[in-house]
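Some notes on the structure that comes next.
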Amino acid sequence: MITENRHGLVVEAMVTEAGQRAEREAALRMLPRVRRRRGATLGADKAYQEEQFIAGLREQNIIPHVAEYTPSKHWPNWLRRHEREHPGFARSQQKRKLVEQVFGWIKASAGMRRTKLRGRRRVDWMFRLAATAYNLVRMRSLLASPA
């Protein structure tokens, strides 16, 4: 799932098999479908700190803002210094929790804690519908609050 940082709205969603590799591959597949400005960034947690994923972001001209493990011989730093020192890096790391809020809402309010549907295509449809419902609920609260 990809959310935008300003308001926490879902801009792209997809169901994958459980596993970190599938999530990283899905993120790279969803990104070309998302409209973005020049100098776009993508914040992600430590599970996305992987050489191929970060290289894929760079190929799409996206600045990676991926949380890093402490450097060691097993976990090298894949981010470049200028990416780590980007002015929006800290902000991207703060906004990562917006994705988790969406997942929490979908499980608690949209009835997807345990789906009764079978097959990836059906579950994907339900997940996208739930993400759309989340956006509607979120927009209602955004429009109600003073800007």
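FYI, it's all coordinate maths here, none of it is from the lab. Values in this document were obtained by computation on a predicted structure and should not be read as measured data. In this analysis, Cβ positions are derived from the backbone assuming ideal geometry, glycine residues included, and neighbour counts consider all displayed protein chains.
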Label point at Leu117 placed 7 Å out along Cα→Cβ; residues across segment 16-52 whose backbone nitrogen lies under 18 Å: 16-18
Gain upon complete extension [Gln52, Ala18; 0.36 nm per residue less C-alpha separation]: 10.4 nm
Average projected area [Cα convex hull, the chain], square nanometres: 10.0 nm²
The chain: Lys pairs at Cα distance under 17 angstrom, eight or more positions apart or on different chains: 5
Lys, Arg +1 and Asp, Glu -1 on Cβ, resulting dipole of segment 1-132 about Cα centre, debye, nearest 20: 460 debye
FRET efficiency, 1/(1 + (r/R0)^6) with R0 41 Å, evaluated for Thr70 and Leu129 via beta carbons: 0.55
Distance (nanometres) between label positions extended 7 Å along Cα→Cβ at Ser109 and Arg80: 4.1 nm
Top positive-direction residue, dipole computed over segment 56-147 with Cβ charges, set Thr70, Met112, His86: Met112
Kyte-Doolittle mean at least -1.0, axial Cα span of 18 Å or more - DSSP H helices of the chain: 120-144
